[in-house]
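Below is one structure, written out as structure tokens; comments come after it.
The values are calculated or read from the model by the stated rules, or taken from the named source; none is laboratory data. Note that the structure is predicted; figures quoted are calculated from it, not measured. So basically every Cβ, Gly included, is an ideal-geometry build from the backbone, and we count neighbours across all protein chains shown. Areas reflect the complete protein model, heavy atoms only, side chains present, ligands, DNA and RNA absent. Shrake-Rupley method; radii C 1.70, N 1.55, O 1.52, S 1.80 Å.
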Amino acid sequence: VSLLLSILLTPQQSDFWSFQRLRRPDPPAVRDERWARTPIDRFVLSKLEAKDLTPSPPADRRTLIRRAAFDLTGLPPTPEEVDAFVSDPDPAAYEKLIDRLLASPRHGERWARHWLDVARFAESHGFEHDYDRPHAYHYRDFVIRALNQDLPFDRFVRWQLAGDEEAPEEPLAMMATGFLGAGVFPTQLTEREFERARYDEMDDMLATTGTAFLGLTIGCARCHDHKFDPIGARDYYRMLAAFTSTIRSEVEVVLNRAEHDAQTAEWRKAQEPLVRARSDFESARLPARLTSWEATAPDIPEPGWEILDLREFTSAGGAEFKKREDGSLLIGGANPNFDTYTIVAATRQKKITAVRVEALADPSMVGGGPGRAANGNFCLTDLKITAASLDGAGEPADLRLTNAKATFEQKGLPVANVIDDQLRSGWAVDPQFGKNHAAVFEIEGDAGFESGTLLTFRLVHKCNTGHNIGRPRLSVTSASRPVPIELAGPPGPAFDALRTPAARRSPEQVAALLDWYKRRDPEWIRLDRDVREHLRQAPRPKTAVVMVCSEGVPPMKHHADDRGYPHSYPETYVLRRGDPTQKSGVAELGFLPVLTNGDGGWEAPGARTSMRRTALARWITDPQHGAGHLLARVIVNRLWQHHFGSGIVATPSDFGAQGARPTHPELLDWLACELIDRGWSLKHLHRLMMTSAAYRQGSASRGRESAADDQNLLLWRFAPRRLESESIRDAILSVSGLLDSTMLGPGTLDENSRRRSIYFTVKRSKLVPMMVTFDLPEPLVSIGRRAATTVTPQALFLMNGPQVRAAAEAMAKRTGEGPAADRIARAVRLALGRAPTPEELEEAVAFVRDQAAGYGAEFPALADYCQVLLGLNEFITLD
Amino acid sequence: MNRRELLKRAGGGFGALALAGLLDDQRLLARDADPLSPRAPHFRPRARAVIWLFINGGPSHVDTWDYKPELERRDGQALKDFDNFTGFFANAVGPLMKSPFGFRRHGQCGKWVSDIFPCLARHVDKMAFIHSGHTDSNNHSPALFMINTGVTRMGFPCVGSWAAYGLGSENRNLPAFVVMSDPLDRGLPKGHSLNWGAGFLPSVYQGTWLRPKGEPIDNLHPPAGMADAQQRRQLDLLARMNRRHLGQHPAEQDLAARIESFELAYRMQTAAPDAFDIRREPEYVQSNYGLHRPHCAHFAAQCLLARRLVERGVRFVQIYSGGMENQRSWDGHEDIRGNHAGFALETDQPIAGLLADLADRGMLDETLVIWGGEFGRLPVAQKAEKPGRDHNPHAFTFWMAGGGVRGGVTYGATDEIGHMAVVDRVSVNDLHATILYLLGLDHEKLTYRYNGRDFRLTDVAGRVIAPILA
């Protein structure tokens, strides 16, 4: 029963600190007014003063620029930048520095990586085959660009949950939905696992949403009410319902919508007079020109092909047909192994001597087709045609086909096979793909009825799996035999018109005749060519295929499709013990009661999609009635953690009862209010935190403070820390001058790549070893905080890794010419942003001399020295 | 939350390790400089190390260790009420099929053993057989994840990672947890490295995969052209500069640990290649493992290396027999006879050699050897030109030897045809609980706090299989 009822909230639970609505606290009074540069400092200092502790003296400028540069951009400052900052007389030099770093495109590359950990971002499915998701990198690019342009955080969140619904025209919003689909998915499934796999997939979406945005372990309520937090199993399934029809898809996204719309409008303006000139010509001058042509024309030509107007068309195998203006049928949807098309068409013709079956090329098929097989081929096995009178009189008759010919015949599969009554043989066109093909069959005896003829075609494909024609077109003629594949003469109605005296022609006949004649009128041809050429110049939008998560879109294909995996189910049910075989009622969309205060009007009427995720996104970002207050607390804390080394709440992804309590609750709330009041600007928060006196403290340990608070919970100093794997590698590339700063786009698995580490493709089964060695987490579940271990493979990498050695050599080259002492000094400045001490210099000169003696050359000795610098604690420690 | 608060909230049920795990996650021991330092077990360990011979692809219990005379009698008969969706191919279900192999009794315990294991049959008195294993998936990778991590989904730490996390390493010159895969280009097990991943545990606990060809691990050799003396001087300079830096930051423990890690790495450059060099073994040892016989030399080399690693303090070794699916592993969908006879030939003598060698050296008592894969196979045939057997999640056989396990015993049983485990059923959680127990770890106390929850290898289940303990 407890499963069916939202668990009752005790007053105690809704009073829990993180669930309470925000109230903006006043910064407290402090004794040392001069130390506090920002309101943050008052909150920090008052706690220190209460314990009778003092903050540390500020760090020197060299330390500060290094700290700020690594923190905001993940890269060390250049020696020139260090010099400029150290000698800047402007009292606001530091604030200017922060603004400059925040404006750097490198900032997004650095901070996106923090969020990608939280988003368990990867570019492969995981599980048995770990197939690639080649278009998933757009999500990574979305995060980088969103952070660089300071996209308001509430929109950043809403787009990740429902960008396809909120702003489908905005490419970044579409890319953002990659968040939902970044989790793992088993691409090899047995039927028995289908539904469970779908619930697992939705659970991944919901659990990550809860952890990443709200710091709540909602996923724990899948099997039972949450043990510690007020999240009922029923609440879990009601939220899960938001994702009922959400699936991964690869869609083409227009990247320059506005620009393209403007270009198209411009182009249309130019197109209009050309089209008008042609139609004016057709109405004003064409009939007269036809008359004069008729007067001078030689004989009435042979009749040509009449492209049939198709009335009915069905696929035995569930394929879908789309009628094209040119009379062809474009076939899409299911491509069964062996399909039979039944096509009914009518013609006024009374005497039919031959039929033509065209298989036209189209870009929708592999290699342009003209077949739907994996290589673009088709194999037409059999053709049967029945003719009946249009007025229904008389008996339908099967036509006897003979004398088949084709534009091209694949070796061993000639077109004669189509009429040999064998269901094993057929007509195919390998290797002539990507072009139009046609076959002509003459009819033994003439076909046709006085009142017009109804033709039923059966195109049978039975030779080879999936070898179905992709874009057929059917024509008939009454030309005399032998009938060639191409005929220039007028098609049936025009041919009849031509043989009818002008005065007796019906309007339809006139129209048919004009339509045929104009194609041989030089003036019309010229006007038509102008229209067509302009058509070819129609502006094309810039597009990209993007992996998105949305509804009503074609699912991303994978291995499990072979067995008929449905990708989604119509309803989400409340499950007992998380077991799909134990359903207890449909789960209606709903949100966590403990974070809901009245109705925020989040629901939106659905259009193409159910808009359920939009409702979720609005609820989660609504600080008044929804969960926005907790959302703000959680992101503020994540930012704080990366700047200060540890969060105000030490468990960044658990703000529930099992998580840590905030060390500075008022400060956290003050910052959360500040975020919301300043339009959810993250850069505002970065600036606020980094310009505080608390952030600018030195990192030296001090006895009294250390004894009283060894974990620095009260922030009596800046907590020194090891750089993360990306920063270590990027710094090595940067100081050695090897860094390739190309932004965005597809990544790589090549360890020798010189682009920033965020551009390594994240393939779940092939994480880049050097990244993992320095604690890159496995991208399987949301990670709010990385480990920082010290293990021997790290040392081995720095001692022997080929990439490190290559960087050391490049760095040695970069130190230029001159005496070893100068080059050493330059290397130290590159790596550490400072000059060597006399002791260091002396020691280094001796080292280079000794090594050079062994090598018989100075360069490898200098490279050895540079490599030492890259292995220094000072190089990879932020302090 | 401070330590006192944490202890108070955690209550009395937590062991020291659980607490350490809790603290690790919250970074309260943020500068735990050496995550692999040896840690005290919960109680006296029976085994110091584990060698898991992973019979990859799902070995057929009824053709190996679980003798079913009834299957012989009913050969060719349809199995009534059989659910065709039990295995992977619902449309290829055939009738009951007897084993293509003969069975004979061996050892003092009189265990019936398939004729494909002539060498292993001599060691049955060392083995404890578990015939009643069952798992949650009929599909390779979920079943692989299940047997390795206790969960069919991916993303959870495997047994070896839990062991390394719980006990640390006894030899800092070598990884704590080593994995070897098929060296004959037949691929990795399905799910690849996720089978030895650390999940949400720090990545330092993941298995170190030895490359089957070329250098087994990365960065073991100095850059080209750099002599040992030159690298030594380089490291001396590095240490001098780092120590000076440490002098300015005396409170930072991780700086000291990192200085030490370079010295460890320097020693590892010698120690690891030494451990990997199985040619240093006497000729007779090599030949006992079958190193001179082409059909099993590759697996013999891996078994011998496993012994050398365990001898040097490596905690957990996993060797995968076979690569990916179908004929590349024990996944005998077609031609079960050819498939199993072939893989048995590859592994029989090497594993027997390993057991004998461990016993000779007195190492078997403290080394737990495990034989088993991700599921069993069905008693009905999978139709094919040469019939095979499909996946069976309802029954599989494991054996364990050494490391505190009683030899010559059989635990649990399948039904008379080997379709379902029916007597003393053993879940994957039970197997894991037993392995941890033999290592001196209480599966209920070995926990790791991740995103607000204390995770266990055995989730909320698992019981130690007491009757097989020595």
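Annotations
- For chain A: Kirkwood Rh in Å [reciprocal of mean 1/r, alpha carbons]: 33.0
- Over the protein assembly as shown: helical MRE at 222 nm, DSSP H runs n ≥ 4 each giving -39500 (n - 2.57), nearest 500: -11000 deg cm²/dmol
- Burial here means at least 20 square angstrom less accessible surface with every protein chain in place than with the chain by itself, probed at 1.4 Å; in the range A:119-138 the buried residues are A:127, A:128, A:129.
- For the pair the range A:804-852 / the range A:592-620, the C-alpha centres are spaced 60 Å from each other.
- Whole-number accessible area per residue in Å² for the range A:716-802, which is evaluated in the context of all protein chains at 1.4 Å: 27
- Cα-based equivalent ellipsoid, the range A:202-276: semi-axes from gyration tensor eigenvalues, Å: 50, 12, 9
- For chain B, with all protein chains in place and a probe radius of 1.4 Å, 50% of the accessible heavy-atom surface sits on carbon or sulfur.
- As a length-normalised measure over Cα pairs under 8 Å and 6 or more apart, the relative contact order of chain A settles at 19 percent.
- Residue-normalised accessible area of the range A:403-540, expressed per residue, 1.4 Å probe, Å²: 49
- Ratio of the Cα radius of gyration of the range B:339-400 to 2.2 N^0.38 Å, where N counts its residues: 1.47
- Among the GluC sites (Glu not before Pro) in the range A:149-227, those placed in a DSSP loop whose Cβ has at most 12 other Cβ atoms within 10 Å are A:169.
- Burial annotation for the range A:865-879: residues with an accessible-area loss of at least 10 Å² between the isolated chain and the complete set of protein chains, computed on heavy atoms with a 1.4 Å probe, are A:865, A:867, A:868, A:871, A:872, A:873, A:874, A:876, A:877, A:879.
- The range B:124-196 shape via C-alpha gyration tensor axes, a/c threshold 1.5: rounded
- Dimensions of the range A:418-510 along the principal axes, based on C-alpha atoms and rounded to the nearest Å, stand at 55, 29, 24, largest first.
- Theoretical FRET efficiency, 1/(1+(r/R0)^6), r = Cβ-Cβ of residue B:425 and residue B:312, R0 51 Å, to 0.05: 0.85
- Where both bridge residues fall in chain B, DSSP classifies roughly 50% of the beta bridges as antiparallel.
- The fraction of accessible area contributed by carbon and sulfur in chain A is 52 percent, rounded to a whole number (1.4 Å probe; ligands and nucleic acids excluded).
- Free-standing Cys, chain A [no other Cys Cβ under 4.7 Å]: A:220, A:223, A:549, A:673, A:866
- Of the peptides A:123-131, A:734-742, the order by per-residue mean of other Cβ atoms within 10 Å, starting with the highest, comes out as A:123-131, A:734-742.
- Alpha-carbon gyration tensor eigenvalues x 5, square-rooted, for the range A:346-445, Å: 28, 15, 11
- Both radii were evaluated on the Cα set of the range A:768-879; the Rg over Rh quotient, with Rh as the Kirkwood radius, amounts to 1.06.
- Highest to lowest packing among A:134-143, A:393-402, B:153-162, scored as the average C-beta count within 10 Å: B:153-162, A:134-143, A:393-402
- Compactness of the range A:226-382, expressed as Rg and Dmax over alpha-carbon positions, Å: 26.7, 97
- Listed residues A:93, A:116, A:79: farthest to the positive end of the dipole of the range A:73-118 (Cβ charges): A:116
- Derived from the Cα gyration tensor, the three semi-axes of the equivalent ellipsoid of the range A:293-344 are 37, 11, 8 Å, largest first.
- An oblate overall shape is assigned to the range B:79-174, the ratio a/c of its alpha-carbon gyration tensor axes (a ≥ b ≥ c) being 1.5 or greater and a/b not exceeding b/c.
- Cβ charges +1 (Lys, Arg) and -1 (Asp, Glu), total dipole of chain B, debye: 1000
- In this label model, residue B:287 and residue B:83 are separated by 5.4 nm, measuring between points 7 Å along each Cα→Cβ vector.
- Chain B - accessible surface per residue (Å², probe 1.4 Å): 35
- Interface residues of the range A:791-829, defined as a loss of at least 40 Å² in heavy-atom accessible area between the chain alone and the complex of all protein chains with a 1.4 Å probe, are A:791, A:792, A:795, A:796, A:799, A:800.
- Computed over the range A:343-400, the ratio Rg/Rh where both radii use C-alpha atoms and Rh is Kirkwood: 1.12
- Alpha-carbon Debye profile of the range A:132-291, log10 I(q)/I(0) at 0.08, 0.10, 0.16 Å⁻¹: -0.41, -0.55, -1.00
- Inter-chain shielding of A:159-172 (mean C-beta neighbours from other protein chains, 10 Å cut-off): 0
- Positive dipole terminus of the range A:540-654, leading residue within A:624, A:565, A:598 (C-beta point charges): A:565
- Dipole magnitude of chain A about its Cα centre (Cβ charges: Lys, Arg +1; Asp, Glu -1), debye to nearest 20: 400
- Once B binds A, the 1.4 Å probe can no longer reach about 6900 Å² of accessible area, counting both sides.
- Contact order, relative form, for the range A:1-156: 14 percent (alpha carbon pairs under 8 Å, 6 or more residues apart, mean separation divided by residue count).
- Protection proxy ranking of B:428-440, B:114-126, A:515-527, A:293-305, by the mean of other Cβ atoms within 10 Å over each peptide's residues and highest first, is B:428-440, B:114-126, A:515-527, A:293-305.
- GluC sites (Glu not before Pro) restricted to the range A:799-850 and DSSP loop, no more than 12 other C-beta within 10 Å: A:817
- Across the range B:249-314, the mean sequence separation of Cα contacts (distance under 8 Å, 6 or more residues apart), normalised by length, yields a relative contact order of 29 percent.
- Cα shape, the range A:625-740, gyration tensor, a/c 1.5 rule: oblate
- In chain B the Cα-Cα distances spread across 10 Å bins starting at 0 as 4, 20, 29, 24, 14, 6, 2, 0, 0 percent of all pairs.
- In this entry, the range B:121-280 is assigned a mean projected area of 14.3 nm², taken as a quarter of its C-alpha convex hull surface.
- Cα point-scatterer Debye curve for the range B:216-268, base-10 log of I(q)/I(0) at q = 0.24, 0.26 Å⁻¹: -0.95, -1.03
- The range A:660-811: translational diffusion in µm²/s, Stokes-Einstein, Kirkwood Rh over Cα pairs, 20 °C, 1.002 mPa s: 114
- Under 5 Å between amide hydrogens, built in the peptide plane, is the criterion, and for residue A:124 it picks out A:133, A:764 among residues at least 5 positions away or on other chains.
- Pairwise Cα inverse-distance average, inverted: Kirkwood Rh of the range A:43-94 (Å): 12.8
- Kirkwood Rh (inverse of mean 1/r, distinct Cα pairs), the range A:37-129, angstrom: 16.2
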